[in-house]
Amino acid sequence: MKSNSMPGRPLRFAILRGSVRSLLASAAGISFVVLAGAAGAPQFTSPIDNGPLEIKLLPGEKITEGVQKFYETGQDPYKGDPQALAEGKDLYETYCQACHMPDGSGRIGPSLIGDTHHYPRFTTDKGMFEIVYGGATGAMQPFGKRLTQDQILHVMAYVRSLKK
Amino acid sequence: MRVMTAMAAVAAICFAVSTAGAQTVPKSRDEVAYPGGHLPGNPKVALVKIADGLHDPVGVASAFDGSGRIFVCERVGRVRIVTKDGKLLAKPFLDLTKINPLGNEVQTGFVEQGLWSIAFDPDFKKNGYFYVHYSSLPFNGAGVILRVTVDPNSPDVVSSEQVVKTAKIVMLIPQPYYNHNGGMIQFGPDGYLYISRGDGGWEGDPLNAGQDLHVLWGKLLRINVHVPDDSIPYLVPNDNPFAQAARNRLMFLFGVTEEAFSKIKMGAKPEIWAYGLRNPYQFHFDKKTGNLFIADVGQNSWENIFWQPHDSKGGENYGWSLNAGAHCFPITGPNTTCPQVGVLPIANYPHEQPYPDAPKEKTGFGCAVIGLGVANYAPLNGAYLAGDWCSGRLWGVGWDNAAKKWQLQELEQTQLQFTAGNVLEDGSVVAVNCYCFYTADQGPLANPVGALWRVVDASKVPAGAEVARTVK
């Protein structure tokens with residue numbers, strides 16, 4: 001288990017694989033618990049009730065290196081990667097722009113590029129993943145039911161790129 | 001203990017009476033209910049999952065035949081049965097995707113198209129008739145109301161052969177655009193079939209359908225499907241509001257009052273029960289009182305719930321597209337003024353921005369009202385329930401006899417995209433949700449499966465039940 005602390009964003013993890021095996025990886029600052037489930041996914045919580053969010057693999061889904069890195073760091077590894085952004089744009093145009101508009105300014109769904117957000121956790125990659133994967137209210141459906149976690153990270157990276 | 005029980009019973013009766021008092025249609029805009037109100041008793045409810053595995057469920061109904069079966073419409077053109085113990089039967093009750101060798105009978109190219117609704121004949125146990133309403137592929141998206149007869153030897157599966165053999169097209173309504181089809185069909189307490197049709201689509205009612213009595217779009221229709229001879233598609237009840245006014249007649253220029261002239265509507269569609277509606281996707285009768293609730297999906301500003309008393313004679317004009325409920329159409333700013341046309345809604349709630357560049361609402365907003373049904377059980381005691389497609393809010397609308405006005409209360413905000421609801425034979429209100437898109441529609445079988453939910457008293461959630469996630 002690697003514990004990559006991003007510059008300026010030290011993280012603390014507790015890993016619970018299988019039964020009760022746990023590991024604390026150090027540093028001060030934000031902390032979250034990593035549970036068993038999908039190859040050591042962190043403990044995510046729902047943006048609407050803060051309850052646990054169960055991470056399930058889609059049929060045939062594999063944990064990619066990018067997802068694993070995200071589990072370990074809480075950071076979306078695809079941010080700023082041109083190829084990943086192109087893939088994220090393609091997914092965004094298919095699933096997101098109808099509600100959030102091509103430029104992310106929002107219509108049926110809220111703006112993704114403003115300075116204030118309905119869910120404050122949107123500003124962190126972990127929080128944005130929780131919103132996209134687990135869904136929020138109504139039409140912001142849980143995209144974890146249709147997209148792999150790797151695809152979600154690609155979309156997230158593209159969304160981050162929309163804010164100029 | 002017995003005394004306490006008796007007192008509680010008396011209190012309960014008094015409470016029920018107090019909530020069921022003399023309801024009235026608002027006479028002025030300030031009598032319309034807005035978010036922030038409280039139903040009598042401030043009820044707490046929960047949505048408990050009955051079944052899932054449903055592809056884009058967009059309609060639900062009971063056969064009221066004592067079987068407890070719940071019939072769920074899947075947009076693609078299938079009706080699925082959920083048994084009274086919550087089991088989803090694998091084989092569809094009805095499958096319109098297979099009856100035509102040339103392809104699906106149902107047009108599903110846009111998310112508002114598909115198989116919207118099923119209703120069972122009031123005499124279903126004897127005649128086996130049920131009716132479905134869908135957008136037809138062979139008829140280029142026209143709305144078809146089809147009657148099919150169940151083979152009593154196969155009560156849970158109507159074979160393709162049985163559909164073809166017994167099918168009777170009751171009504172075919174051409175559709176100019178792919179949206180605002182409306183869609184619900186229900187039998188009223190009078191035994192007539194009521195049909196909600198949207199204004200034909202596009203946006204802004206470009207055909208002026210809501211106010212045009214010569215078209216069936218933008219209306220609630222009422223027909224008699226119990227005909228003496230099946231060569232007759234249906235009959236128009238004589239007491240429909242325009243049944244007599246629509247007749248052609250000899251011209252008289254003199255000896256007729258202006259009031260009498262104003263009531264002549266030659267050429268009007270006699271099937272019309274009410275008009276001035278935009279997209280009344282769901283409507284429900286209160287099975288206890290006979291009152292009618294219509295949830296009319298609005299355009300960019302307000303969502304409306306209309307109400308008719310049980311003794312309505314029909315003919316109500318709900319104002320679209322001269323108004324958007326209690327508001328102007330178009331609404332251009334916070335102080336837009338306009339005359340009020342027709343009958344006001346009893347309740348409304350705004351979109352996030354109820355007029356262009358309005359400050360964004362922080363709470364109590366949505367985008368598409370989906371009526372679910374009247375809950376004649378505690379703690380709702382006659383409240384009409386509605387969900388919002390965008391925001392997942394569950395609303396309750398009820399008459400507050402103490403305040404002598406309607407109240408609109410947000411009961412909870414859920415994770416569900418509500419698509420339809422209805423009242424079952426046990427009286428409970430159920431809802432279905434999809435995981436579908438609007439303009440980015442992926443197709444009726446491409447989305448994650450939706451589910452069927454029951455609205456229950458929050459203090460009586462069965463042990464182990466899955467409850468819809470709500471905002472805390």
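The values are calculated or read from the model by the stated rules, or taken from the named source; none is laboratory data. Note that the structure is predicted; figures quoted are calculated from it, not measured. We place every Cβ from the backbone using ideal geometry, glycine too, and count neighbours over all the protein chains shown. All accessible areas refer to the heavy atoms of the entire protein, side chains included, with ligands and DNA or RNA removed. Shrake-Rupley method; radii C 1.70, N 1.55, O 1.52, S 1.80 Å.
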field: Percent RCO, i.e. relative contact order, over chain B, from Cα pairs under 8 Å lying at least 6 residues apart
entry: 19
- prompt: So if we plug the beta-carbon distance of A:ARG146 and B:ASN335 into 1/(1 + (r/R0)^6) with R0 = 51 Å, what FRET efficiency do we get, rounded to 0.05?
  reply: 0.70
task: For B:ASP239 and B:THR289, compute 0.36 nm times the residue count separating them, minus their Cα-Cα distance, and round to one decimal in nm.
output: 16.0 nm
message: For the pair B:GLU425/B:LYS313, report the inter-label distance in nm, with labels modelled 7 Å from Cα in the Cβ direction.
response: 3.7
task: Compute the accessible area of each residue in the stretch B:395-433 twice, once for its chain alone and once with every protein chain present, using a 1.4 Å probe on heavy atoms, and list those whose area falls by at least 40 Å².
output: B:GLN415
statement: Per residue of A:139-147, other chain Cβ atoms within 10 Å number on average 5
- line: Here D for the stretch A:82-161, in µm²/s, from Stokes-Einstein with a Kirkwood Rh over Cα pairs at 4 °C and 1.567 mPa s, works out to 105
- request: Please tell me which of these pairs span more than 20 angstrom C-alpha to C-alpha: A:LYS79/B:LYS362; B:LYS265/B:LYS313; A:LYS79/A:LYS126; B:LYS98/B:LYS219?
  value: A:LYS79/B:LYS362; B:LYS98/B:LYS219
message: For Cα pairs less than 8 Å apart in space and 6+ apart in sequence, what is the mean separation divided by the residue count of the stretch A:82-161, i.e. the relative contact order in percent?
response: 35
message: Given R₀ = 51 Å, what would the calculated FRET efficiency be for B:GLN353 paired with B:LYS91, taking r from the Cβ atoms and rounding to 0.05?
response: 0.65
query: How many nm is it between the label spots at B:TYR34 and A:THR94, if each spot is 7 Å from the Cα in line with the beta carbon?
result: 4.3
message: Only sites in a loop by DSSP and with at most 15 other Cβ atoms within 10 Å count here; which GluC sites (Glu not before Pro) in the stretch B:371-472 make the cut?
response: B:GLU466
query: In square angstrom, what is the accessible area per residue of the stretch A:82-161 with a 1.4 angstrom probe?
result: 39
task: Return P(r) of chain B (all Cα-Cα pairs; 20 Å bins starting at 0; whole %; ordered from short to long distances).
output: 25, 58, 16, 1
field: Peptides B:191-197, A:120-126 ordered by average Cβ neighbours within 10 Å, highest first
entry: B:191-197, A:120-126
- line: One finds, for B:MET266 and A:ASP49 with R0 = 56 angstrom and r their Cβ-Cβ distance, a FRET efficiency to the nearest 0.05 of 0.45
task: Would you please put B:384-393, A:53-62 in order of how densely packed they are, using the mean number of other Cβ atoms within 10 angstrom per residue and starting with the highest?
output: B:384-393, A:53-62
